[in-house]
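Comments concern the structure below.
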Amino acid sequence: TVSRPMGLRGKQQQGTSRIPSQFHKEERVAMKEALKGAIQIPTVSFSPKESNTTALAEFGEYIRKVFPTVFSTSCVQHEVVGEYSHLFTVQGLDPSLQPYMLLAHFDVVPASEEDWEVPPFSGLERDGFIYGRGTLDNKNSVMAILQALELLLIRNYIPRRSFFIALGHDEEVSGMNGAQKISALLQARGIQLAFLVDEGSFIVDGFIPSLKKPFAMISVSEKGAINLMLQVNMTPGHSSAPPKETSIGILAAAVSRLEQAPMPNMFGSGSLKTTLQHLANEFPFPTNLILSNLWLFQPLVSRMMERNYVTNAMVRTTIALTMFNAGVKVNVIPSTAQATMNIRIHPAQTVQEVLELVKNIVADDRVQFHVLSAFDSLPVSPSDDQALGYQLLHQTIRSVFPEVSVVTPGICIGNTDSRHFTNLTTGIYRFNPLYLQPQDFSSVHGINEKISVQAYETQVKFIFELIQNADTYQRPVSDLHEL
Ligand SMILES: CCCCCCCC/C=C\CCCCCCCC(=O)N[C@@H](CC(C)C)C(=O)O
Ligand SMILES: [Zn+2]
Ligand SMILES: [Zn+2]
């Protein structure tokens, strides 16, 4: 099951000396303090139209203060895009090497003070963990990327391969003003990327009950999405003489039908099948045999995957009812009822197919459909021996997490800013170099989000090594023979 990263050699390129990823005590203290400071800035995105712009601007000042070398080194050019997002261009020594991008976002979802064990914007350290909104999603990546570059530059490292660092300010509400504008800017400059690395997947641990060992999942695609609003209009009136059906009742029945009729299980035509095939030998008997013979056991495995919310989301299109609005007064029958749902589309289906299915399940002409936004699932990035981005991640995972024996492609069930960059590269990889257990997953957009100091240091180390690995890549011997 363990495939070695092919085509990459551990050796450094001639002329570039490898800098060990070891950090002094003072550097380690400074890096965790820098993360805490970032958490304390409440860069909340409330909606596409409302965000804490004061905090977004303050964040820009903050990174200038804590990463002075990044901002003062001549090979690094910095630009603000879309008012608050940041684009760094790190000029490498070898212009023949195609550049890549490290992508992250520093806006966060709201957090209600009362539910948390520690205030969500305190950045408090407790028992070796830094608490706060954004510690996993995604200020950890923003800060780790800049921190790794700062430490490399302090050590006089000059990259060979150029790269971009893009830090979005509105990922949590679509990325239209940040990531999308950065993408358009680079396209206008004629840039094509070798690959891009963003958030969206982890070293996952404990999501499949009988699989005791963690494995690294690099997401090579992400689900599509539809934000759909259903509306029912009926005649309003006095509640003392109600009609047989009201707008609320009709709509409630419609959404209940949707909840009772899950979208079809598409296990056989998705990347989860590939993921499980990579993992087969890690399972105890008889699961290892079952997973190695999916031609026979596919129906059984597809049902097993439905038992858990996360794996269920990987085998089918999901529908989550997220908003329900109707009525203004207890004795007034309202004219209008609205229900909004967030649909995540399995790659084997399209927006149009899913809308048809939803309409057929609702099967009531009184229910109007309003598509608020929609996009299909993202293209599948290559994960073969020649896929530079995938192989570099694979190589770096093996050196930074030697205990992780399986690295596998997978699908991201959420959406990321990386979807705005399909015009610049076919190699989009979503991977955060962190362990993630189900309880950590619940804390993302939930309560008590936290990262261990050690995990954060390891994330910095990972990026420190990844940047150097991108510089020492050599084409596979088989390719060279063909010249
Ligand atoms: C073989 C099964 C293993 C299962 C392990 C899966 C563990 C979960 C891994 C990843 C979780 C997904 C995190 C994705 C980040 C999503 C970021 C986000 O919330 N984006 C928004 C974007 C929207 C356009 C506002 C979203 O709602 O998706
Ligand atoms: Zn995020
Ligand atoms: Zn998020």
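Bear in mind that the values in this text are calculations on the coordinates, not laboratory data. Everything numeric here is computed off the predicted structure, so don't read it as measured data. Counting neighbours? That spans all protein chains shown, and the Cβs are built from the backbone with ideal geometry, glycine included.
Test of understanding: what is the full-extension gain from Asn281 to Asn423, defined as 0.36 nm times their sequence separation minus their Cα-Cα distance?
47.4 nm
Plugging the Kirkwood radius over Cα pairs into Stokes-Einstein for the stretch 104-148, at a temperature of 4 °C and a viscosity of 1.567 mPa s, what D comes out in µm²/s?
Stokes-Einstein gives a translational diffusion coefficient of 116 µm²/s.
Between Ala320 and Arg307, what is the spin-label point distance in nm, taking each point 7 Å from the Cα along the Cα→C-beta axis?
The two pseudo-label positions are separated by 2.4 nm.
Can you tell me which lysines have their Cα less than 27 Å from the Cα of Lys32? Leave out same-chain residues fewer than eight positions away.
Answer for Lys32, where 27 Å is the Cα cut-off: Lys65, Lys139, Lys450, Lys461, listed by chain and number.
Can you figure out the FRET efficiency of Thr350 with Glu26, using R₀ = 41 Å and their beta-carbon distance, to the nearest 0.05?
Numbers: r = 54 Å, r/R0 = 1.32.
Efficiency, from the Cβ-Cβ distance: 0.15.
Each label point is 7 Å from the Cα along the Cα-to-Cβ direction; what then is the distance between the points at Val380 and Asp364, in nm?
In this crude label model, Val380 to Asp364 measures out at 3.9 nm.
Run the helix sum for the chain: -39,500 (n - 2.57) per DSSP H stretch of 4+ residues, divided by residue count, reported at 222 nm to the nearest 500 deg cm²/dmol.
For the chain, the value works out to -10500 deg cm²/dmol.
Give the lysines whose C-alpha is closer than 21 Å to that of Lys212, dropping any in the same chain fewer than 8 places away, or say none.
By straight Cα distance, Lys212 reaches Lys273.
Is any residue of the stretch 440-474 close enough, with backbone N under 16 Å, to a label point placed 7 angstrom from the Cα of Leu93 along the Cα-Cβ axis, and if so, which?
Answer for this model: 467-474.
Kindly state, to the nearest 0.05, the FRET efficiency for Ser240 paired with Leu372, given R0 = 35 Å and r defined as their beta-carbon distance.
The calculated FRET efficiency here is 0.45.
Take the alpha carbon atoms of the stretch 151-228, find their center, do the same for the stretch 372-410, and report the distance between the two centers in whole angstrom.
11 Å
Rounded if a/c is under 1.5, else prolate if a/b is larger than b/c, else oblate: which is the chain, with a ≥ b ≥ c the root eigenvalues of its Cα gyration tensor?
The shape class here is prolate.
Express the relative contact order of the chain as a whole percentage, based on alpha carbon pairs under 8 Å and six or more residues apart in sequence. Display every interim value, and only then the final one.
On the way: 954 pairs, mean separation 125.6, N = 483.
Answer for the chain is 26 percent.
Run the Debye formula on the Cα coordinates of the stretch 93-246, all scatterers equal and no solvent, and tell me log10 I(q)/I(0) at q = 0.14, 0.16, 0.18 1/Å.
For the requested q values the scattering log ratios are -0.97, -1.16, -1.31.
Check the straight Cα-Cα distances from Lys359 and name the lysines below 21 Å, setting aside those fewer than 8 residues away within the same chain.
Lys223
Please give the direction-averaged projected area of the C-alpha convex hull for the stretch 173-289, in square nanometres with one decimal.
Projected over every direction and averaged, the Cα hull of the stretch 173-289 covers 14.3 nm².
Direction-averaged shadow area of the convex hull around the Cα atoms of the stretch 223-375, nm²?
Orientation-averaged projected area of the Cα hull: 10.8 nm².
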